[in-house]
Amino acid sequence: PLRPLILQPVAAPYGACRALLRAIEAMPREQVRPLVVFPYAGAAIAEYEAAGCDTVIRELAVLRRSSAGVAGLVRLVRDSRRTGRELAELARREGCDLIHSNSMTIVSGVHAAYVADIPHVWQLREAPRETGFRRFALRLLLRQADCVLAVSRAAARTVARGEARVIHDGYDLPQARGAREVEPLEPLEPVGAPGEFVVGMLGRISPTKSQHLAVEALGLLARGGHERVRLVIAGEVYPGYEGYRDEQVVACAQSLGVGDRVDLLGWVNEPEPLLQQLDALVIATGAGEGFGGAALEALAHGVPVVSSATGGIEELIIDGVTGLVCRPDDPEAIADALALLIDDDELRGRLAAAGREHAAKFTVEQCATKLYAAWRSVLSKRR
């Protein structure tokens, strides 16, 4: 079987990590036997092992905000070479055929593939708004890969035209997963009170995901007479952003008089039971969202989506057809869109039906088939 060495930037089972796992689960086990590298111990490791993957924990060089500036860049280059050599040794020892970096932020794979003399597949899950030298440097780095995959056309624009192959992530409803469903979904306590309009957000709490904008929108709705609206946020706080959660989410809600209508659920392992209780989902990301896994899951469950116009989200949410699109960084626009959904049952039903139909095009099978074909293609070009 094909033996890819997969590099994961995190060990928390959020969007990118879960999306690749779903694709691997859909591949016949006799065809592929991945070895997955995680940078630390986390809940995602057990999920990958349950899918038949081998796992190890190794240090990885990951592009972060601390990498900015000359000193940060020098440190990143040094760490990428050191960790790359260690990964190359691991790849040789384990008989790996290629290296697959599951995020633009992982830079260890470049040197590892070079030292091990095996192909490097780099999957872009982000759609950054880089310009000038930063964009030039990023494109130059990505060109070191044998194959660049992108989860959306927006992510593909990170590199020059035609240099990335688009493979959208897939999602199947639980009842369609068959043998791939490992265990029954855990029930979730009811959210919201009877008669409340429940709005959800899925994802780690951070300024990038902009949960504060939904809180501000909730305050605007309350002032406009829509007081029976509840905001439910599912996701852990991203390490280092506890202050953002406490000040711009929790304290902001209290100052706007809606603190009793904002629920922070923390980590929710399976989103389906929560999605089944939502009346709408909000995507408030201001920076370029690579694809929008939470939006795809909501559409599949018939949950209307209100999203900022950003990155790959626009390939999922067609304004007025599969959801409502609003200006980025604009809580008033979010509030106005939610008010439309609250007041118009017919609109909600129409968006839900169209969303289900659109989401059905993004199957796990199509993602797995295209990913496996990309791996095989890059190997055949080396021979």
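Hey, among ALA16, ALA88, ALA23, which residue is under 18 Å from VAL151 (Cβ atoms), crowded, with 19+ Cβ neighbours inside 10 Å and at pLDDT 95 or above? None of the others qualify; the one that does is ALA23. For region 310-322, the tally of residues that are outside any strand (DSSP E or B) and more than 16 Å from the chain's Cα centre (by Cα) stands at 4. For beta carbons closer than 8 Å, sequence separation of 6+ or different chains, a first residue in region 232-256 that is under 23 Å from GLU189 (Cα atoms) and without any contact (Cβ under 8 Å) to a residue 24 or more places away in the chain and a second that is of a type outside the set (D, E, K, R) and part of a strand (DSSP E or B), the qualifying pairs are VAL250/VAL262; VAL250/LEU264. Applying the selection to region 71-97, what residues are over 13 Å from ALA113 (Cβ atoms) and of a type in the set (Gly, Ala, Ser)? ALA71, GLY72, GLY95 - these are the residues of region 71-97 that are over 13 Å from ALA113 (Cβ atoms) and of a type in the set (Gly, Ala, Ser). Only residues that are under 20 Å from GLU297 (Cα atoms), out of contact with any Leu (no Cβ under 7 Å at 6 or more places or on another chain) and surrounded by 15 or more Cβ atoms within 10 Å (Cβ to Cβ) were counted across region 325-368, and they come to 11. If I filter region 309-319 for residues that are modelled with pLDDT under 95 and polar (S, T, N, Q), do I get at least one hit? Yes; the residues of region 309-319 include at least one that is modelled with pLDDT under 95 and polar (S, T, N, Q). For region 211-226, the criterion of being surrounded by fewer than 23 Cβ atoms within 10 Å (Cβ to Cβ) and modelled with pLDDT under 95 is met by none of the residues.
Among the candidates LEU296, LEU351, LEU338, LEU316, the residue that is in contact with a Phe, Trp or Tyr (Cβ under 9 Å, 6 or more places away or on another chain), touching a residue at least 40 places away in the same chain (Cβ under 8 Å) and over 17 Å from TYR171 (Cα atoms) is uniquely LEU338.
Listed by first and then second residue, the pairs linking a residue in region 106-120 that is under 15 Å from ARG58 (Cβ atoms) and in the same structural domain as VAL378 (by TED's automatic domain parsing) to a residue that is of a type in the set (Val, Ile, Thr) and assigned to a helix (DSSP H, G or I), with Cβ atoms under 7 Å apart and 6 or more places separating them unless they lie on different chains, are SER108/THR83. Against the definition (surrounded by 17 or more Cβ atoms within 10 Å (Cβ to Cβ) and at pLDDT 90 or above), how does ALA127 come out, yes or no? Answer is no for this residue. Applying the criterion of being more than 17 Å from the chain's Cα centre (by Cα) and aliphatic (A, V, I, L, M) to the residues of region 152-167, the residue that is modelled with the lowest pLDDT is ALA160.
Set side by side, the residues ASP97, ASP79 differ, and just one is surrounded by 16 or more Cβ atoms within 10 Å (Cβ to Cβ) and more than 22 Å from VAL148 (Cα to Cα), which is ASP79.
The values are calculated or read from the model by the stated rules, or taken from the named source; none is laboratory data. The model shown is predicted, which means the values in this text are computed figures rather than measured ones. In this analysis, Cβ positions are derived from the backbone assuming ideal geometry, glycine residues included, and neighbour counts consider all displayed protein chains.
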